[in-house]
1. So which residues in segment 105-125 are part of a loop (DSSP other than H, G, I, E, B) and modelled with pLDDT under 65, if there are any at all?
2. Can you name every residue in segment 126-144 that is modelled with pLDDT of 90 or more, open to solvent by 80 Å² or more (accessible area, probe 1.4 Å) and of a type in the set (A, V, I, L, M, F, W, C)?
3. Considering segment 176-194 alone, what residues qualify as being surrounded by 13 or more Cβ atoms within 10 Å (Cβ to Cβ) and of a type in the set (Asp, Glu)?
4. Looking at (1) surrounded by fewer than 12 Cβ atoms within 10 Å (Cβ to Cβ); (2) at pLDDT 75 or above; (3) not acidic (Asp, Glu), can you tell me which one Ser102 breaks?
5. How many residues are touching a strand residue (DSSP E or B) at 6+ places or on another chain (Cβ under 6 Å) and not in a loop (DSSP other than H, G, I, E, B) when one looks only at segment 169-189?
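The values are calculated or read from the model by the stated rules, or taken from the named source; none is laboratory data. Values in this document were obtained by computation on a predicted structure and should not be read as measured data. Cβ atoms come from the backbone with ideal geometry, glycine included; neighbour counts cover every protein chain shown. Just so you know, the surface numbers come from the protein's heavy atoms only, side chains and all, with ligands and any DNA or RNA stripped out. Shrake-Rupley method; radii C 1.70, N 1.55, O 1.52, S 1.80 Å.
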Amino acid sequence: MVNHWSFCIGIPCAVLYGDQGTIAWGRYAEPAALHTDRVRRLLFIAGGVGINPLYGMIRQLHRGAEQHAAVRAVLLYSACAIEELVFRAELDEMAVPEDIESGTIGDGMTETGLMFRPIYTATRGDQRRAAGEVTVRSGRISGDTIGEAIAWLTTGSHSTAVDGVYVCGPPGMAEEMVELCDQHNVPPEKVQFE
């Protein structure tokens, strides 16, 4: 039974009956690497139920948006069907408003706060767009999708570097995403996965 749950990024947190722990990801995780006073551009990649831990991280960033330096984050989230994109309504509420007519997202980096953009894909069915909703694309997360995310993350920045990539999904997805990120000049040591 969970007594207290707080999904923290790189800082100790109470998990079960007061036990203390630190969230760690993948083979290169180091807790200090995620302090939001140093992290500016984050890429989250989720497949299916792999959204669960990433949603907690994004929600934590959103809740503390006024307390840390400006963070720009993109979530690439893929599921088999549109109906399987869990937390979609909550993620859309955290997102920077999309201009439905042009399909563009606001670019301005604020001095404090979270600038967040979700990009959804469904591997079965056609892409859909409804008034006031973020587009769901057909197909899997591709190198082009990752390139688009990195371009948005680094807009207005003097650097084309991404500070961290977090991947959680079905078997084989993590390895594929590490390879695709490497093709976009994100070194494997910046990609944390589970």
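1. Listed by number, the residues that qualify are Gly106, Asp107, Gly108, Met109, Thr110, Glu111.
2. none
3. Glu176, Asp182, Glu194 - these are the residues of segment 176-194 that are surrounded by 13 or more Cβ atoms within 10 Å (Cβ to Cβ) and of a type in the set (Asp, Glu).
4. (2)
5. Total satisfying the criteria: 5.
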